[in-house]
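These notes are about the structure you will find just below.
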Amino acid sequence: MGKMPNNKCNKDTQNFFTKLWKKYLYFGYRGMKEIWRDIKDYEGLYQVSNLGRVRSVDRYVKHEEGGLRLLKGKYKKIQIFKCGYVYVELSKNGKSKYFRVHRLVAMTFPDLVDWIEEAKGKPFEELSVNHKDKNRTNNCVDNLEWCTVSYNNTYDDGAKKRGIKISKTLTNNPYTSKPVEQYTLDMVFVAEYPSTMEAERQTGIPCSGISKCCNNKLKTTGGYIWKYRE
């Protein structure tokens, strides 16, 4: 994390996903008590809640004319990119970094997020955070679980067997659903996926890199060549 992803949605798509995100916060969890905790390495600056919201906290800062002034905390503006994940920008000592909100929630509330058995005892860096309903804007603790990368990549099949309802909101959205084709470096066809997000889910290769390949900004990613279906 850190650098700003360069595949930000256009304005219409951003507005669509922002409204969707707000809908989940209000309608999906309005009866759930919101709990705030400090974000690691940003204590006294930012907090994240169990509902997936991020805010700055009230603090005193040096005034340019001398003395201190109160800087009131406020909710952080979210940014949603074509891969479907919700990002937020955090600043400290004049440096800004971008973070995926679902990982902030999972790392800040490890006691409230579910863990699959194979993930228990492993460091965060080796694990993935799965969205149970596959809606990447739904970052409430109840919808997240720490898991292995392989579990996350094959989650849909197992979820269907367990009777879990999978959200199709992002996968079928007309703004983001554009079929992509996967090829070997020798241009041998491998597979076709309905979207870059679905390609990431099935292969584990970040959709941002796949998108760059499809838009001729990268030649390969994940050891493959990617193209939008003509």
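The values are calculated or read from the model by the stated rules, or taken from the named source; none is laboratory data. The model shown is predicted, which means the values in this text are computed figures rather than measured ones. A quick note on method: Cβ atoms are made from the backbone with ideal geometry, for glycine too, and the neighbour counts reach across all protein chains shown.
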>> Pairs please, first residue from segment 56-83 and of a type in the set (Asp, Glu), second anywhere and loosely packed, with under 11 Cβ neighbours inside 10 Å and in a strand (DSSP E or B), Cβ atoms under 8 Å, 6+ apart in sequence or on different chains.
In response: ASP58/LEU70
> Which condition number in (1) modelled with pLDDT under 90; (2) in contact with a strand residue (DSSP E or B) (Cβ under 7 Å, 6 or more places away or on another chain); (3) within 29 Å of MET32 (Cβ to Cβ) is the one that ILE164 fails?
Replying inline: (2)
> Which of the residues spanning segment 184-224 are closer than 26 Å to THR148 by Cα, in contact with a strand residue (DSSP E or B) (Cβ under 8 Å, 6 or more places away or on another chain) and of a type in the set (A, V, I, L, M)?
Replying inline: VAL190, ALA191, ALA199, ILE205, ILE210
> Pick from segment 71-84 the residues that are farther than 17 Å from LYS97 by Cα and in contact with a Lys or Arg (Cβ under 8 Å, 6 or more places away or on another chain): which of them is modelled with the lowest pLDDT?
Replying inline: LYS82
> What strands (runs of 3 or more DSSP E) lie completely within segment 25-140 and have 2 or more residues being in contact with a helix residue (DSSP H, G or I) (Cβ under 6 Å, 6 or more places away or on another chain) and among the polar types (S, T, N, Q)?
Replying inline: 128-131
